[in-house]
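No value in this document is a laboratory result; all are computed from the given coordinates. The shown structure was predicted, so the numbers you read here are calculated from the model rather than taken from an experiment. When we count neighbours, we look across all protein chains shown, and the Cβ atoms used for this are built from the backbone with ideal geometry, even at glycine.
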């Protein structure tokens, strides 16, 4: 069935290293793909999005890559910091009213 | 910075009771959403609301659920007769633009049904 999912449930990195979080999707019709960060006890927080007609977008310390050929989305975090520790969800905007379909989440732990 | 606020932060209720979760979206936003997250699981879409009516709803959003925007600032989710499986964190979100993925989420209301 159609779904957005994540390859790894947990990722542990050393402070200062780069992190890469991956996501697979199956619906080619989605317009936007988005990454959200959720810290413990809080709501999801928007990080970055990418439109389906792009393959790369950069933000502050983050880069999202979209490979439509293999339906793969990744989030790269440069120089990972302890404050980056959270669960990261990929999501896709499928609905006509901006409804998001979330993946299962990857927990990123940053070791000092 | 404007934010979405939700109340209560935690509600404990008995099975079969009615619950109302409240949200104040960001003031100039036009699109409103409810999502839920069962502990340790992914965030699931419930309903979207625009122009004083439901735009889209998921299979989870059955007849026990309703939403309302009773005035110009509040957006509520009502569960008429709660079930044990309704226990979850409920997130309200709002957006100024439906054509991106940038939703602004509140901190959630944790519902525990006993």
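A Förster distance of 35 Å, applied to the separation of the beta-carbon atoms of residue A:68 and residue A:15, puts the FRET efficiency at 0.60.
Cβ crowding within 10 Å, taken as a proxy for footprinting-reagent exposure, orders A:10, B:5, A:80 from fewest neighbours to most as A:10, B:5, A:80. For the range A:8-86 and the range B:73-114, what is the separation of their C-alpha centers, rounded to whole Å? After rounding, the separation between the Cα centres reads 23 Å. For the pair residue B:81 and residue B:30, the difference between a 0.36 nm per residue extended length and the Cα-Cα distance amounts to 15.5 nm.
Note on the protein assembly as shown: the C-alpha convex hull projects to 12.5 nm² when averaged across all orientations. Our estimate of slack between residue B:15 and residue B:54, defined as 0.36 nm per intervening residue step minus the Cα-Cα distance, is 11.4 nm. Radius of gyration (Cα atoms) of the range B:2-69, expressed as a multiple of 2.2 N^0.38 Å: 1.18. Neighbour counting of Cβ atoms within 10 Å sorts the residues A:94, A:51, fewest neighbours leading, into A:51, A:94. When only C-alpha pairs under 8 Å and at least 6 residues apart count, what is the relative contact order of chain B, in percent? Reported as a whole number, the value is 39 percent.
Averaged over the residues of peptide B:101-111, the number of Cβ atoms from other protein chains lying within 10 Å of each residue's Cβ is 6. Note on A:47-59: average number of Cβ atoms from other chains within 10 Å of each residue's Cβ is 1. For the residues of B:83-92, the average number of beta carbons from a partner chain within 10 Å of their own beta carbon is 1.
Normalised by 2.2 N^0.38 Å, where N is the number of residues, the C-alpha radius of gyration of chain B stands at 0.99.
When B:63, A:31 are arranged by Cβ crowding within 10 Å, least crowded first, meaning fewest neighbours, the order is B:63, A:31.
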